[in-house]
Amino acid sequence: MNNIKCYKKFAIANSIIALLLSFCYIPNAVDSPNNLIELLFLVTTHIGYVALLTAICSIALLPVVVLPRIIMQPILAVASSILLVALLLDIIVYSHFKMHLSVISPALLALKATDLQRFESIIFIATFIAIVLFELYLVSRFIKQNSNINNKYNYIFASIISICMLISYSLFAINNHEAQQKFVKITSYVALFNATNELDPLLKLNNISSNKMLAVSTLAFPQMHNKNYNIKPITYNNVATPKNILIIGIDAWRADKLNPTDTPCLWKYAQKGKIFNNHMAAANNTKASTFGLFYGIPADYFEFVTATKQSPVLVDRLQQLNYQLGVFYSASIDDIELDKNIFAKVANLRPGSTASTPALRDQQATDDWINWYTNCNKKLPMFSFIFYDSVHEYDFPPEYNQEHTPLRGEKRYCEIAAEYGQDIMNQLYSISTSYVDSLAGQVLDKLEQTGDLENTLIVITSDHGHELDDYNHGSWGHGTNLSSAQLHVPFVIIDKKFNNTDEPIESDKLTSHFDLVPTLLTEYLGVTNDTEDYSIGYNLLREDLEHKWVLASGRDKYLNYFGVCDENYRVKLLPSGFYRLFDTNNNVLPEINLNYNQINQAFNYIKKFIH
């Protein structure tokens with residue numbers, strides 16, 4: 001009996017602790033209450049929801065009270081500590097992904113655990129130990145008091161919970177559909193209501209039942225059942241004289257850094273081609289965006305094609321035409337698994353540069369490309385991909401600039417910015433950009449000196465942009481949002497098909513990385529299929545086609561999300577089924593009239609190759 005008395009106090013104390021901790025969910029909800037009715041719904045739903053969860057946990061632990069106290073105390077302390085830590089982890093996960101731990105696989109959590117720095121791991125372990133000690137103190141204290149809680153307090157506690165649940169469900173039931181949508185958003189962390197209500201117009205367009213939330217979530221994590229991602233067999237015309245192809249990629253290169261001052265070499269050659277001023281990367285991170293550039297499909301198919309080592313249609317066609325393939329990735333190709341997907345079928349793949357710094361690795365990649373190009377059989381076509389890393393790392397040789405020292409070390413961009421200041425960071429970024437420009441200039445100069453410039457299709461671009469606290473949000477780098485600073489990248493194609501004049505040509509049409517594969521396959525490699533059979537992009541030489549919006553993806557650690565991006569706003573589609581609205585500067589937008597046709601088409605793109 002004394003054990004039960006102790007357990008009542010212990011359970012209520014932990015319920016109060018859990019309730020206080022759970023208030024951290026509220027700032028991360030999709031929306032906030034705007035009136036008293038919405039505030040009442042939030043408060044009653046929150047209290048009822050947390051109380052229900054703690055009651056379930058308390059009942060589950062109740063059998064422990066039959067054990068001797070010497071055994072009961074540590075079991076209660078450890079079990080309650082695990083539950084509280086799980087609550088804290090769930091709050092953190094929800095703040096990032098708008099998803100709960102129950103939705104995320106243990107494999108993803110294991111990956112996250114291995115990603116922790118040693119200091120972070122120590123903090124986590126220390127926190128858990130501190131909670132266990134606190135719980136031991138609580139249970140021992142209540143045992144020593146050896147007194148029961150007045151039953152009337154139990155009844156009051158239960159009554160408050162019941163009233164909250166009744167008010168919550170009543171408010172939801174009696175209000176119209178528009179109000180219910182608002183309720184769902186302000187309590188989006190609560191699983192008691194159907195979170196897909198706000199997507200009903202979208203679900204109707206897709207013929208998806210609104211009472212199946214997983215119908216939406218599953219679209220964000222497509223699984224292909226067919227052995228090939230292309231919808232139909234690829235057919236070809238003969239290509240009598242295949243053209244050499246060179247793709248120059250610069251990691252984390254901003255669109256505004258293609259200019260005569262920062263990149264004079266690339267700017268000079270860009271004047272011979274066509275500059276796409278409104279080009280969007282396929283994603284805000286290297287792995288997903290490079291995948292989109294070479295496959296022409298969204299990055300959520302990455303795991304499938306990597307597991308099956310299925311190379312893109314582009315590379316398969318290059319090999320059919322006996323192209324000599326050279327891949328000169330400055331960093332290790334393991335970083336984005338190039339040897340397991342894009343170039344999985346390429347023999348003797350260069351593993352990456354081996355020098356000690358990004359700047360030296362970039363120089364090594366350039367030297368290796370020149371050596372490869374010099375020794376290639378000029379009677380066979382050549383395809384090469386050279387990818388520079390120094391801009392991403394703000395790196396350059398010390399002798400390249402005597403005024404500044406390049407960044408080195410493992411600190412995050414925001415930490416470095418706090419130490420150096422924004423002006424210095426901007427200067428270091430510009431210097432590293434200029435350095436890479438000089439290396440790319442060596443490659444292009446080599447083509448010009450040998451007379452192969454006219455016989456080579458050249459693509460110059462980046463995998464993603466790079467934010468330099470452009471919007472005063474304290475945001476640096478990439479992979480954190482879908483703003484223009486992180487998605488807008490340079491894109492230049494140099495070839496007579498795009499510019500047969502002596503004057504530079506520019507286009508302000510909205511274009512995407514997904515457009516490169518359809519353009520190369522259709523215009524240069526003899527593919528006769530409709531582009532939609534193997535890609536979600538357009539042929540850039542089709543003047544009658546123009547994107548009204550483009551799809552982009554983001555990756556927040558180990559979960560993907562999608563963005564519908566147009567000239568004015570970004571719709572961030574979360575795996576949980578919710579969406580968030582932002583402008584191009586990553587400012588949260590209030591409710592607007594969404595173009596559900598665009599969102600519907602985005603989901604069609606996402607599930608396009610599920611067959």
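The values are calculated or read from the model by the stated rules, or taken from the named source; none is laboratory data. Source: prediction; values computed, not measured. Note that each Cβ is placed from the backbone with ideal geometry, even for glycine, and that neighbours are counted across all protein chains shown.
One line per residue, one yes/no per condition, for (1) assigned to a strand (DSSP E or B); (2) surrounded by fewer than 17 Cβ atoms within 10 Å (Cβ to Cβ):
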| site | (1), (2) |
| --- | --- |
| 435 | no, no |
| 441 | no, no |
| 445 | no, yes |
| 449 | no, yes |
| 465 | no, no |
| 493 | yes, no |
| 498 | no, no |
| 502 | no, yes |
Some residue of region 338-359 being in contact with a helix residue (DSSP H, G or I) (Cβ under 6 Å, 6 or more places away or on another chain), within 30 Å of residue 296 (Cβ to Cβ), among the hydrophobic types (A, V, I, L, M, F, W, C) and in the same structural domain as residue 445 (by TED's automatic domain parsing)
yes
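For region 428-451, what are the residues that are under 18 Å from residue 399 (Cβ atoms), of a type outside the set (Gly, Ala, Ser) and touching a helix residue (DSSP H, G or I) at 6+ places or on another chain (Cβ under 6 Å)? Full working, then the answer.
Of the residues in region 428-451, the ones under 18 Å from residue 399 (Cβ atoms) are 428, 430-439, 441-442.
From what's left, of a type outside the set (Gly, Ala, Ser): 428, 431, 433, 435-437, 439, 442.
Matches in region 428-451: 433, 435, 436, 437, 439, 442.
Which one is nearest to residue 540 (Cα to Cα), of the residues in region 463-477 that are among the charged types (D, E, K, R) and touching a residue at least 24 places away in the same chain (Cβ under 8 Å)? Show your work before the answer.
So in region 463-477, the residues among the charged types (D, E, K, R) come out as 463, 467, 469-470.
Subsequent filtering for residues that are touching a residue at least 24 places away in the same chain (Cβ under 8 Å) retains 463, 469-470.
Numbers: 463: 18, 469: 32, 470: 30 Å.
Applying the filter and picking the extreme gives 463.
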Residues that are among the β-branched types (Val, Ile, Thr) and over 21 Å from the mean Cα position of the chain (by Cα), drawn from region 380-415
386, 405
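Restrict the check to region 229-247 and report whether at least one residue is at pLDDT below 85, among the basic types (Lys, Arg) and not assigned by TED's automatic domain parsing to the domain that holds residue 287.
No, because not a single residue in region 229-247 is at pLDDT below 85, among the basic types (Lys, Arg) and not assigned by TED's automatic domain parsing to the domain that holds residue 287.
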When both residues are 6+ apart or on different chains and their Cβ atoms are under 7 Å apart, which pairs have a first residue that lies in region 478-507 and is within 22 Å of residue 454 (Cβ to Cβ) and not assigned by TED's automatic domain parsing to the domain that holds residue 392, and a second that is in a helix (DSSP H, G or I) and among the aromatic types (Phe, Trp, Tyr)?
none
Just to be sure before I move on: is residue 396 crowded, with 21+ Cβ neighbours inside 10 Å, farther than 30 Å from residue 306 by Cα and in the same structural domain as residue 298 (by TED's automatic domain parsing) in the structure I sent?
yes
For region 282-334, what are the residues that are under 20 Å from residue 513 (Cα atoms), in contact (Cβ under 8 Å) with a residue 40 or more places away in the chain and aliphatic (A, V, I, L, M)?
282, 283, 288, 293, 297, 299, 305, 313, 314, 318, 327
